[in-house]
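Heads up: the structure comes next, in structure tokens.
The values are calculated or read from the model by the stated rules, or taken from the named source; none is laboratory data. Keep in mind it's a predicted model, so treat the numbers as computed, not measured. Ideal geometry is used to build each Cβ from the backbone, glycine not excepted, and the neighbour counts take in all protein chains shown.
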Amino acid sequence: MKKLCLGIVALFASMIWISNVSALDRIQNFVDGESDDIEGKKIEENVYELKIKDEPGDLQDDIVIEQGETVTLDLNGKKLTNFTPGCSVIWVKAGGKLILKDSGGTGELTAKDTESSASIISNSGTVIMNGGKITSNRKGSVGILNDTNGYLEINGGSIVADRDGSTLDEASWGITNKGNAIIHGGTFIQNYKVSVIQNEKTMQITNGEFKVGEGSSEHFANITNAAGSDASLEISGGSFETDLVLSELGNNANVHVTGGTFQNTESMKNYIGDEFTFDANGTVIEKQEEEIPEVTTPSEEREQEVAEEAEEVNPDTADSNVILLISLLIIGGTTFAYKAKKMYS
């Protein structure tokens, strides 16, 4: 099933022959077997599973997920690109939900027309990424655009910012977050100048691998917390294998780091609180308080015991041996008793 780009649909929405094609039909047609590249089945009302067919070569289609629909897409180890020039490969509308996985291990979403500025995935609903690879290769574009009302959760897979350019308008980002995003895992690779993540709203990073690829030697930071915005970034975990994690041009006043492992700890020391430090591996850890040795004194009960032991010595046995119990030292609640023998004539 090949559909017109969303922008074209919006432009000609008033035309009857376009408006008669509903968003629901777009998913239902996969289920009905009308696509050469994607097969699907309906699980229950508005819940669908789609799978890229095991066909040779790169496959093409445009997927639209409408409000109320939940769609699980299995890339099945295949590469899927947009069919219509200038389109996103997948558009999740407000109230829609996409769960992305890859049972084949080599599945990828990317664009066939690299001069277009459309994102690979445009999300105004919910996107949960558990697997697959998203390669951002379009001019001045992004792999995942998470819109102001969007929720993005990444648990696995990889995102690569893979287009170079002499200006920002020519290069590509991996993720632009304008809504709410949380990263629990996955690999994020910045191959050229532009950050793999640009955060403009609310983002949490609890895990994941963040790297610089083998592209241009001139790199911006892995993450840009956008300047001139109320962007908030919290990092509590993850591995950051790059010299510069955060762009110095960003709004880093709202960056808080409580965990993670960093290749360059010097560049991150201003973002951890006073209660944290780095260990020898560059991992953020809580500072340990100095242990002060505890000084103990004899308890009243023990003092009484010592007194009673001394009273047990019988002075009537002075013609033989008299055992004189002397308490000389009490350390840590332990009494060392010494016996002294005195001979009487």
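Looking at T70, T84, which one is under 30 Å from the mean Cα position of the chain (by Cα) and hydroxyl-bearing (S, T, Y)?
Working: T84 fails: under 30 Å from the mean Cα position of the chain (by Cα).
The match here is T70.
Of the residues making up region 229-243, those that are surrounded by fewer than 19 Cβ atoms within 10 Å (Cβ to Cβ), more than 16 Å from the chain's Cα centre (by Cα) and over 16 Å from E209 (Cβ atoms) are S229, D230.
Listed here are the residues, each with its yes/no results for (1) of a type in the set (K, R); (2) at pLDDT 95 or above; (3) over 15 Å from I175 (Cα atoms).
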{"residue": "K93", "(1), (2), (3)": "yes, yes, yes"}
{"residue": "G96", "(1), (2), (3)": "no, yes, yes"}
{"residue": "L100", "(1), (2), (3)": "no, yes, yes"}
{"residue": "G105", "(1), (2), (3)": "no, yes, yes"}
{"residue": "T110", "(1), (2), (3)": "no, no, no"}
{"residue": "S119", "(1), (2), (3)": "no, no, no"}
{"residue": "N123", "(1), (2), (3)": "no, yes, no"}
{"residue": "V127", "(1), (2), (3)": "no, yes, no"}
{"residue": "T135", "(1), (2), (3)": "no, no, no"}
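Taking the criterion of being modelled with pLDDT of 90 or more and either of a type in the set (V, I, T) or surrounded by fewer than 20 Cβ atoms within 10 Å (Cβ to Cβ) (or both), the residues of region 167-178 that qualify are I175, T176. What number of residues in region 179-193 are buried (at least 24 other Cβ atoms within 10 Å of the Cβ) and closer than 19 Å to R138 by Cβ? Matching residues across region 179-193 total 3.
Answer yes if at least one residue in region 152-159 is among the acidic types (D, E) and either assigned to a loop (DSSP other than H, G, I, E, B) or not assigned by TED's automatic domain parsing to the domain that holds L73 (or both), and no otherwise.
From region 152-159, those among the acidic types (D, E) are 153; that's our starting set.
Checking the rest, the ones that are also either assigned to a loop (DSSP other than H, G, I, E, B) or not assigned by TED's automatic domain parsing to the domain that holds L73 (or both) come to none.
No: region 152-159 contains no residue that is among the acidic types (D, E) and either assigned to a loop (DSSP other than H, G, I, E, B) or not assigned by TED's automatic domain parsing to the domain that holds L73 (or both).
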